[in-house]
1. Counting just the residues of the stretch 151-189 that are touching a Ser or Thr at 6+ places or on another chain (Cβ under 6 Å) and under 22 Å from L82 (Cα atoms), which one comes out surrounded by the most Cβ atoms within 10 Å (Cβ to Cβ)?
2. Of the residues F161, F97, only one is at pLDDT 90 or above and closer than 30 Å to P23 by Cβ; which?
3. Looking at (1) of a type in the set (K, R); (2) open to solvent by less than 60 Å² (accessible area, probe 1.4 Å); (3) at pLDDT below 85, find the lone condition where R17 falls short.
Amino acid sequence: MIFQLTKNVPNILSLMRIMITIPFIFSLYDLIIGTGSIISFFLFSIIIISDVLDGYLARKLKCMSVFGANLDIFADIFYSFLSTTILYYLSVVPIWFLLIVIFKFLEFIITSKLLKNFKKINSTIYSETKKDNFLYFDWLGRSFGILTMLLPGLVCIIYLFSYQLIGIISYIIFILTIIAVSSTILRIIKIKIA
């Protein structure tokens, strides 16, 4: 009984992250329009800590599953999409950055499927991925995902402590755009050579 409950802790953390995303979005909105408090950064911290913990615990407890991996990815995409959407709505990031985030996540799913289809042709690609998961990760794409998840936390810090640093957001989204485009190009090249 306890082992079964322990085995589900990573999935519970992913579900919790999905549920916490909604109040985080509202608190981020309040913070940016000037009526919020440090609660947005607190919720952001819970989201990030739960993201790190669910993967760590799944590996440590040896309870990794395709469902759990996909739930984790869904929770990350849900959080990143909603966070970027509210940042666009409040004019913190431009529309083109929101479109890049949407495109990159869709491209990740599509190219993962295509790369997995070539697994029998190219055993190198297959050995680089988990055999029971259809998602294919690359280090640039992973970096884009992680940095996109951290962006709302940086916005929280800027709005809470040093609004004069708001200009740094433009540089960060420019760097994120370069990372996203580079990842996409490399994934397409990998598909073409597969």
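The values are calculated or read from the model by the stated rules, or taken from the named source; none is laboratory data. This structure is a prediction, so every number in the text was calculated from the model and none was measured. FYI the Cβ positions are ideal-geometry reconstructions off the backbone, even for glycines, and counts take in every protein chain you see. Accessible surface is based on the protein model in full, side chains and every heavy atom, while ligands, DNA and RNA are left aside. Shrake-Rupley method; radii C 1.70, N 1.55, O 1.52, S 1.80 Å.
1. In the first step, residues of the stretch 151-189 are kept if they are touching a Ser or Thr at 6+ places or on another chain (Cβ under 6 Å); the result is 152, 156, 179, 187.
Next, only the ones that are under 22 Å from L82 (Cα atoms) stay: 152, 156, 179.
Working: P152: 28, C156: 24, I179: 20.
Applying the filter and picking the extreme gives P152.
2. Working: F161 fails: at pLDDT 90 or above.
The conditions single out F97.
3. In the conditions (1) of a type in the set (K, R); (2) open to solvent by less than 60 Å² (accessible area, probe 1.4 Å); (3) at pLDDT below 85, R17 misses (3) alone.
Matching residues to (1) open to solvent by 30 Å² or more (accessible area, probe 1.4 Å); (2) on the phi < 0 side of the Ramachandran plot; (3) at pLDDT 95 or above:
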site: L31; (1), (2), (3): no, yes, no
site: M64; (1), (2), (3): yes, yes, no
site: N70; (1), (2), (3): yes, yes, no
site: I86; (1), (2), (3): no, yes, yes
site: Y89; (1), (2), (3): yes, yes, yes
